[in-house]
Amino acid sequence: MSELTTVPKAIGGPSNWLDERLGGANFLKRNLRKIFPDHWSFLLGEIALYSFIILLLTGTFLTFWFQPSMEHVIYNGSYAPLQGVGMSAAYASSLEISFDVRGGLLIRQMHHWAALLFVAGMMAHMLRVFFTGAYRKPREINWIIGILLLTLALAEGLTGYSLPDDLLSGAGLRITEGVAISLPLVGTYITFFLFGGEYPGTDIIARFYSLHILLIPGILLALISAHMVLMWVQKHTQMAGKGRTNQNVVGAPFYPAFMAKAGAYFLFTLGVIAGLATFAQINPIWIYGPYTPADISAGSQPDWYMGFLEGSLRIMPAWEINMFGTAHAGTLPLSVIIPALVPLGIVMTGLALYPFLERWITGDNREHHIAERPRNNPHRTSIGMAGISFYGVLWLLGANDEISAFFHINLNWTTYAGRVLVFAAPVLAYIITYRICLGLQRSDAEVLSHGVESGVIKRLPHGEFIEVHTPPADDIEAHVRGKQAVPMLPVAEDPSGIPPKGMRGPIGKLRARMSKAYGGEKIPLESGHGHEEDEHAAIGPGEDHTVSR
């Protein structure tokens with residue numbers, strides 16, 4: 001392991017200039033040459049970061065013309081089909097941005113596409129972190145920050161989606177009002193505060209506008225900054241491979257490698273979003289018309305990231321509790337409260353607690369800087385896939401009316417199927433994923449013991465034809481051998497079966513059983529059997545930079 005000591009002129013010159021004035025040369029040199037691990041999956045988080053930057057830029061442009069007011073006006077703009085129609089000032093200004101402001105429609109659609117990509121990038125990044133165990137010590141704080149970012153992004157999307165005050169976004173606001181007013185004790189107060197009186201009120205657009213452009217973005221910006229600072233200090237986890245350990249970092253320096261890649265990837269993200277905004281129409285508010293509480297458009301669905309809440313509302317049975325046996329004493333509408341709060345609560349609370357539950361079950365308090373392959377922790381991967389299937393069923397059922405109409409299926413049957421699948425699909429996903437993970441572990445063991453197919457057919461003296469196998473390349477073998485057994489509590493491995501004093505109660509016994517099931521080596525890498533006919537293939541090692549952690 002060697003430190004990189006050569007400082008490029010492009011760094012040395014500015015560093016000396018700053019040092020002579022601010023005394024910051026050492027800080028600049030040290031950080032510009034900081035080594036970061038490199039892997040394609042790290043770019044998933046950068047998609048979210050660059051989308052957020054594009055959101056800030058395009059959103060600033062839109063604020064110059066948008067009027068966050070529910071004042072009633074008569075439209076007399078460029079869009080002829082709506083001329084003379086009464087609408088809110090917010091909807092009229094949205095039409096003005098779309099048809100009368102130069103570049104307004106492009107920027108508005110870029111803003112919407114960037115919002116969708118922002119949430120998608122965060123979800124993909126979070127799944128990568130979860131499935132590789134990159135949330136483990138010392139990165140638990142960054143994991144919690146990521147969950148807060150995702151939750152706030154959903155709220156930011158809801159407030160922004162509602163601002164144009166068209167018929168589609170108004171349908172979403174009606175659902176928001178229904179959820180808020182269903183909350184026991186405080187629901188009526190929250191609703192009147194948000195809407196400024198009886199629905200639809202006069203203040204909801206202005207209040208959502210303040211949340212959308214000031215409060216939530218400010219918190220997002222602070223959390224993203226904290227997230228980036230922690231990532232800078234702790235670095236990414238690195239994939240198992242040749243020369244990679246928990247004590248070093250193998251990768252490329254921030255300057256010029258990482259900066260060049262990041263700059264190019266930002267431009268690529270910007271180009272994709274601009275291309276989508278140019279060629280793929282999104283949210284054509286002029287087709288929907290202005291919102292009126294008496295109307296709703298057929299086939300209404302929210303943006304994709306809110307689809308799972310829509311689906312939970314659609315498949316929930318019409319349950320309610322009448323306090324003291326009468327509706328006059330107060331009604332608790334479970335058909336709204338449960339789908340609005342429980343699915344999101346299960347997903348977000350489960351994600352937030354998982355690092356700490358896993359540590360409690362395994363007793364693993366070590367630092368981890370090597371990312372695990374998902375197959376090597378089959379229970380965690382199965383839990384993740386169960387969560388994805390739970391989310392996926394609810395998301396799919398958010399369009400049960402469209403599914404019913406397109407496939408000519410009775411709408412009631414799609415609802416009944418959704419009620420079954422929301423419980424059955426996660427169980428099936430868990431079982432299937434667990435078996436796949438074990439199969440992939442066996443495949444890895446076979447690669448190490450048998451080698452890989454060379455494409456060379458050999459005939460043995462007794463007439464049998466076999467394919468000659470060769471040992472895997474050094475980097476592939478090191479990647480596979482990076483597997484480590486999932487830790488277990490000592491009591492779970494104790495053959496005497498006598499638990500220590502702190503593990504003798506019901507909770508302790510449950511913890512020991514969970515640790516034994518969750519941890520341990522499922523398929524040892526040495527479980528395969530080799531062939532005498534294996535032949536070796538020479539593979540040249542690649543170049544990289546290595547520094548101590």
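The values are calculated or read from the model by the stated rules, or taken from the named source; none is laboratory data. All values derive from a computational prediction rather than experimental measurement. Glycine also receives a Cβ, built like all others from the backbone with ideal geometry; neighbour counts cover every protein chain displayed. Each accessible area value is taken on the protein alone, full model and side chains, heavy atoms only, with ligands, DNA and RNA left out. Shrake-Rupley method; radii C 1.70, N 1.55, O 1.52, S 1.80 Å.
Across all directions, the average flat footprint of the convex hull enclosing the Cα atoms of segment 220-283 is 7.1 nm². Cα centroid separation, segment 352-375 to segment 196-245: 24 Å. Here the accessible area is traced with a 1.4 Å probe on the protein chains. For the chain, carbon and sulfur cover 66 percent of it.
Close Lys pairs in the chain (alpha-carbon distance under 13 Å; sequence gap of 8 or more, or different chains): 6.
Here the contact order of the chain, divided by its residue count and restricted to Cα pairs under 8 Å and six or more residues apart, works out to 18 percent.
For segment 70-119, what does the alpha-carbon gyration tensor say about shape, rounded, prolate or oblate, given a ≥ b ≥ c as the root eigenvalues, a/c under 1.5 as rounded, and a/b over b/c as prolate? Prolate, because a/c is 1.5 or more and a/b exceeds b/c.
The relative contact order of segment 18-152, computed from alpha carbon pairs under 8 Å that lie at least 6 residues apart in sequence, is 26 percent.
Placing unit charges on each Cβ (+1 for Lys and Arg, -1 for Asp and Glu) gives the chain a dipole about its Cα centre, and among 282, 425, 138 the Cα reaching farthest toward its positive end belongs to 138. The list (1) 36, 26, 22; (2) 48, 34, 25; (3) 56, 27, 20 gives values of semi-axes √(5λ) of the Cα gyration tensor in Å, and only one came from this structure; which label was calculated from it? It is the one labelled (2). For the chain, the dipole from Cβ point charges (+1 on Lys and Arg, -1 on Asp and Glu) about the Cα centre works out to 1460 debye, to the nearest 20. Checking every one of the trypsin sites (Lys or Arg not before Pro) in segment 88-176 against DSSP loop status and a limit of 11 other Cβ atoms within 10 Å picks out 102.
Of 173, 80, 125, which is farthest along the charge dipole of segment 73-196 in the positive direction, counting Lys and Arg as +1 and Asp and Glu as -1 at C-beta? Working it through, the farthest residue towards the positive pole turns out to be 125.
Quickly rank 160-170, 271-281 as a protection proxy: mean count of other C-beta atoms within 10 Å, highest first.
160-170, 271-281
Near the amide H of residue 331, within less than 5 Å, lie the amide hydrogens of 323, all on another chain or at least 5 residues away, with H placed in the peptide plane. With no solvent and one point on each alpha carbon, what is the Debye value of log10 I(q)/I(0) for segment 196-305 at q = 0.13, 0.21 Å⁻¹? One equal scatterer on each Cα of segment 196-305 leads to -0.90, -1.34.
Counting other Cβ atoms within 10 Å, which GluC sites (Glu not before Pro) in segment 381-472 have at most 11 and lie in a DSSP loop?
Answer by residue number: 464.
Based on DSSP H segments of at least four residues, each scored -39500 (n - 2.57), the chain has a per-residue ellipticity at 222 nm of -18500 deg cm²/dmol. The charge dipole of segment 254-362, taken about its Cα centre with unit charges on the Cβ of Lys, Arg, Asp and Glu (plus for the first two, minus for the last two), comes to roughly 320 debye. Remark: segment 25-174 carries a charge dipole of roughly 1040 debye about the Cα centre, counting +1 on each Lys and Arg Cβ and -1 on each Asp and Glu Cβ. Taking packing as the residue-averaged number of other Cβ atoms within 10 angstrom, the listed peptides 31-40, 113-122 run from highest to lowest as 113-122, 31-40. Applying the Karplus relation 6.51 cos²θ - 1.76 cosθ + 1.60 with θ = phi - 60° to segment 265-282 yields 3J(HN,Hα) values of 6, 5, 5, 5, 4, 4, x, 5, 5, 5, x, 4, 5, 7, 10, 10, 5, 9 Hz, where x marks Gly and Pro.
Each of 187, 407, 111 was placed along the dipole of the chain (beta-carbon charges, centred on the mean Cα), and the one lying farthest toward the positive end is 187.
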